[in-house]
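The values are calculated or read from the model by the stated rules, or taken from the named source; none is laboratory data. All values derive from a computational prediction rather than experimental measurement. Counting neighbours? That spans all protein chains shown, and the Cβs are built from the backbone with ideal geometry, glycine included. When the accessible area is computed, the model is the full protein with side chains, heavy atoms only, and any ligands, DNA or RNA have been set aside. Shrake-Rupley method; radii C 1.70, N 1.55, O 1.52, S 1.80 Å.
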Amino acid sequence: MEKNDEISLAIIGLGYVGLPLAAEFGKNRKVVGFDINPERIESLKNFNDSTQELTKSELKSSKGLILSSDASLLSECNCFIISVPTPVDIDKKPDLTPLISASNLVAKYLKKDSIVIYESTVYPGATEEVCIPVLEQVSGLTFNKDFFAGYSPERINPGDKSHRLTDITKVTSGSTQEIAKVIDDLYASIISAGTHMASSIKVAEAAKVIENTQRDVNIGLVNELAIIFDKLDIDTNEVLSAAGTKWNFLPFKPGLVGGHCIGVDPYYLTYKAQSLGYQPKIILAGRSVNDGMGSYVASKLIKKMISVDIQPKLSRVLILGMTFKENCPDLRNTRVIDIYTELVEYELEVDVYDPWADANQAESYLGISLLDSIDKNYYHAVIVAVAHDDFKQMGADTIREFGMHNHLLFDLKSIFSIDESDLRL
């Protein structure tokens, strides 16, 4: 396969990563968008994207996109882009089950000169060490003789309408020099920001996993600084604002680190490092600090309640926001749940309101019943946990109306001024 127009494309997995990719390719060519969830397919066929990454008009404009949960359609394709989740298990070890399952599926439809491209975040070496053997075993074909592979890490930022798929430089790679060029040309056909061809699949894998590891470590540092400044009775955001006047100071903010990227990807790198006999120090230290922030927030609130004569036990607390980030409906790996769980263990009554989250998913994923509306003058404390635009537009005065006469407003995301809240990170 030497030319772009010889490619018959399929995208496997239509979540936050796969759907925008499939829709963009579908503007200019025929592409099969496959997902194992028939309900997801049916919803998309009606131009409804539950992730809210694409609008109805954007879905309608993808004329070449064929949406299906029928795997037999993959037999028509010779290039497969796999974009399935790569989470960690309860022990923080990489869970490659979805990736292996997708590889098994695609392998059944491989033919001479087929290309399989992975976008899922993995540790360096995973594509060639884990995925390729599955493709060979199931298909009976030989790697780099009968079929080829590539890796092009996803860089989607859920909820971000400023940095879309086509606006972000795409890193590409291939298992041979010739295939790397074919893959690069394929992505270049839709990415207006351009591409960067890495020298190998491993380099591309490593580039992806350190992007979020770097952010995680930096946020971990700022979170630790926030804890220290709290003990010094200094407002962290004022310190960061002052330090930020220097041109090379990095503008990271304290907060919860959740989601399926920053809070997960570092564990893929540390897992691989440990398998090679090296015990990471800085990366795991950052992870430890960030994973403990929910407990820290709950403890900070409890101490403040006691200091203003609010008896914590059986007090009512309202948490505004449960998704892992602002203006995004994704509840996966949200760390707001840590605050909720900790407060419940302290025997406080905790309610959650989130206009972005799906109530059924909150119930099934987290075991939480979301509020449909909020009672006024009811809560002893209100925590603004997620910086949804909805809460910014409400304003601090409106949010304070949810509290009793003697209540606390914990502005976890510092969306209001220091004078408008009682607590900040």
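So, in the stretch 388-400, exactly how many residues are open to solvent by 30 Å² or more (accessible area, probe 1.4 Å), over 21 Å from Ile306 (Cα atoms) and not hydrophobic (A, V, I, L, M, F, W, C)? Adding up the residues that qualify gives 6. Leu105 meets the conditions (1) in a helix (DSSP H, G or I); (2) free of Cβ contacts under 8 Å to residues at least 40 places away in the same chain in every case but one. The failed one is (2).
Scanning the stretch 360-387 for residues that are in a loop (DSSP other than H, G, I, E, B), exposed (fewer than 12 other Cβ atoms within 10 Å of the Cβ) and within 26 Å of the chain's Cα centre (by Cα) yields a count of 3. Within the stretch 341-359, being in contact with a helix residue (DSSP H, G or I) (Cβ under 7 Å, 6 or more places away or on another chain) and of a type in the set (A, V, I, L, M, F, W, C) holds for Leu343, Val350, Val352. Just name the residue that is least open to solvent (accessible area, probe 1.4 Å) out of those in the stretch 292-307 that are more than 13 Å from Leu343 (Cα to Cα) and without any contact (Cβ under 8 Å) to a residue 40 or more places away in the chain. So, considering only residues that are more than 13 Å from Leu343 (Cα to Cα) and without any contact (Cβ under 8 Å) to a residue 40 or more places away in the chain, the one least open to solvent (accessible area, probe 1.4 Å) is Gly292.
Out of (1) of a type outside the set (S, T, N, Q); (2) surrounded by fewer than 21 Cβ atoms within 10 Å (Cβ to Cβ); (3) assigned to a loop (DSSP other than H, G, I, E, B), what's the single condition that is false for Glu39? (3) is the only condition that Glu39 fails. Filtering the stretch 36-91 to residues that are without any contact (Cβ under 8 Å) to a residue 40 or more places away in the chain and acidic (Asp, Glu) leaves Glu39, Glu42, Asp49, Glu58, Asp70, Asp89, Asp91.
Restricting Val134, Val130, Val106, Val84 to residues that are on the phi < 0 side of the Ramachandran plot, open to solvent by less than 10 Å² (accessible area, probe 1.4 Å) and modelled with pLDDT of 95 or more narrows the list to Val106. Pairs meeting the criteria (first residue in the stretch 234-256 and in contact (Cβ under 8 Å) with a residue 24 or more places away in the chain, second residue hydroxyl-bearing (Ser, Thr, Tyr) and surrounded by 12 or more Cβ atoms within 10 Å (Cβ to Cβ), beta carbons under 7 Å, at least 6 apart or on different chains) are Asn237/Ser414; Pro254/Thr236. Considering the conditions (1) under 27 Å from Asp265 (Cβ atoms); (2) open to solvent by 60 Å² or more (accessible area, probe 1.4 Å), Ala10 is excluded by exactly one of them, (2).
Leu409 satisfies every condition listed in (1) out of contact with any Gly (no Cβ under 9 Å at 6 or more places or on another chain); (2) farther than 17 Å from Tyr340 by Cβ; (3) open to solvent by less than 20 Å² (accessible area, probe 1.4 Å); (4) not charged (D, E, K, R) except (1). Which condition from (1) without any contact (Cβ under 8 Å) to a residue 60 or more places away in the chain; (2) under 30 Å from Ile283 (Cα atoms); (3) touching a strand residue (DSSP E or B) at 6+ places or on another chain (Cβ under 9 Å); (4) among the charged types (D, E, K, R) is the one that Asp184 breaks? With respect to (1) without any contact (Cβ under 8 Å) to a residue 60 or more places away in the chain; (2) under 30 Å from Ile283 (Cα atoms); (3) touching a strand residue (DSSP E or B) at 6+ places or on another chain (Cβ under 9 Å); (4) among the charged types (D, E, K, R), Asp184 is out only on (2). Applying the condition of being open to solvent by 60 Å² or more (accessible area, probe 1.4 Å) and of a type in the set (A, V, I, L, M, F, W, C) to the stretch 257-287 and asking which residue is nearest to Val203 (Cα to Cα) yields Leu276. Can you confirm whether Asp338 is open to solvent by 10 Å² or more (accessible area, probe 1.4 Å), at pLDDT 95 or above and assigned to a strand (DSSP E or B)? Considered against the rule, which asks whether it is open to solvent by 10 Å² or more (accessible area, probe 1.4 Å), at pLDDT 95 or above and assigned to a strand (DSSP E or B), Asp338 comes out as no. Against the test of being in a loop (DSSP other than H, G, I, E, B), touching a strand residue (DSSP E or B) at 6+ places or on another chain (Cβ under 8 Å) and among the small types (Gly, Ala, Ser), the options Ala193, Ala204 yield a single qualifying residue, Ala193.
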